[in-house]
1. In whole Hz and in residue order, list the ³J(HN,Hα) couplings for the stretch 182-194 that follow from phi through the Karplus curve 6.51 cos²θ - 1.76 cosθ + 1.60, θ = phi - 60°; x for Gly and Pro.
2. Please turn the phi angles of the stretch 124-134 into ³J(HN,Hα) values with the Karplus equation 6.51 cos²θ - 1.76 cosθ + 1.60 (θ = phi - 60°), one per residue in order, whole Hz, x for glycine and proline.
3. What distance in nm lies between label points placed 7 Å from Cα along the C-beta direction at Asp11 and Glu249?
4. How much of the calculated P(r) for the chain lies past 31 Å, in percent of all Cα pairs?
5. Count neighbours as other Cβ atoms within 10 Å of each site's Cβ, and list the chymotrypsin sites (Phe, Trp or Tyr not before Pro) in the stretch 160-225 that are DSSP loop with at most 14 such neighbours.
6. Regarding the stretch 1-107, what's the average projected area of the Cα-atom convex hull, expressed in nm²?
7. Any idea which of Ala78, Tyr273, Gly155 is furthest toward the positive side of the dipole for the chain, if Lys and Arg beta-carbons carry +1 and Asp and Glu beta-carbons -1?
8. With unit charges on the beta carbons (Lys and Arg positive, Asp and Glu negative) and the dipole taken about the Cα centre of the chain, which residue among Val122, Leu133, Ala109 sits farthest to the positive side?
Amino acid sequence: MSDSPYRQGPDKPLVKAYNNKEFLNSPEARIIRIMAEYMEPVKRLQDHNVNGSIVVFGSARIESVHEVQEQLSELEQAIRQADGSTDELLKQKNRLQRKLEMARYYDDALELGRRITEWAKVVTPDGAPHCFLICSGGGPGIMEAANRGAHKAGGDSIGLNISLPFEQVPNQYATASLNFEFHYFFMRKLFFMSLANAVVIFPGGFGTLDELMEVLTLVQTGKVMKHLPIVLYGTEFWDNLINFDYLVEMGMISPDDLNLFYRCDSVDDAFNYLRARLVDHHKLEDIKGGGEIDPEHITTDLEDR
């Protein structure tokens, strides 16, 4: 008993439970960590008067057109200067050409983030809640592009990062005070859906597919009942990846389920669609009319929790 780590002594006062890091990081304290991962972001969002967002999902691996073109230029120079076989270099060139095809989505996400932010700044009066901040997963690729677009427009944006053993490095463009890191995927997803007043889904891999299917499932089943415009950006990518018509044909989804989302291929189309849906539902005046937000018309799930 005298060797107990909790033994009190003149040089070792008793440790309060809420300061006991060994306990707080134990399986028994998981519920406390979950509660903290919910309450701290809620408090911080409230402190910054954030009441909603436009969520942007997409691959962490897509780079800008400029970056990929520079890589291609360097590789082509290496091919020209090569003495021996260039087979491996040519394979790398083929991969980079594929990357270049996808790179336009980075540039489009940046421009869409910029335009949404500029619009949101106009319709949001001083002191009113921020209802349409760009919100991404906080990492590189499409996430970075969306935050970068908001930053370019001189606006704030949100980053909901997740701690991963690889890939996820916070980008530099999300507003520092609105940049969060989650341990639990389910808690991160809760904040995405709680904050979302619209969702834009760019091409991506497993993580993006997970986010897409969860959003569609929550809306289809009525678990999320709020007005939530969903945009699938990049019809060629999504039509090659998911045969939605086949799902209807085989009776796996109903024809009406295809109305849960809107497909588009340009920043103009995505922006005009989102603006029209948000203006109509949230009782806003169009940016051209100089209208502003009436805070009474904007609600999020965070207010009900």
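What follows draws every value from the coordinates through simple rules; no lab data is involved. Just so you know, these numbers come straight off a predicted model, no measurement behind them. FYI the Cβ positions are ideal-geometry reconstructions off the backbone, even for glycines, and counts take in every protein chain you see.
1. Using θ = phi - 60°, the values come out as 9, 9, 9, 4, 5, 6, 4, 5, 4, 6, 4, 6, 5 Hz.
2. These are the phi-based 3J(HN,Hα) values: 9, x, 4, x, 6, x, 7, 10, 9, 5, 5 Hz.
3. Calculated label separation equals 7.8 nm.
4. On the way: 18169 of 46360 pairs.
Beyond 31 Å sits 39 percent of the P(r) for the chain.
5. Numbers: sites: Phe166, Tyr173, Phe180, Phe182, Tyr184, Phe185, Phe186, Phe191, Phe192, Phe206; in loops: Phe166, Tyr173, Tyr184.
For chymotrypsin sites (Phe, Trp or Tyr not before Pro) across the stretch 160-225 that sit outside H, G, I, E and B with at most 14 neighbouring Cβ atoms in 10 Å, the list reads Phe166.
6. Values: hull surface 63.3 nm².
It is 15.8 nm².
7. Gly155
8. With unit charges placed on the Cβ atoms, the residue in question is Leu133.
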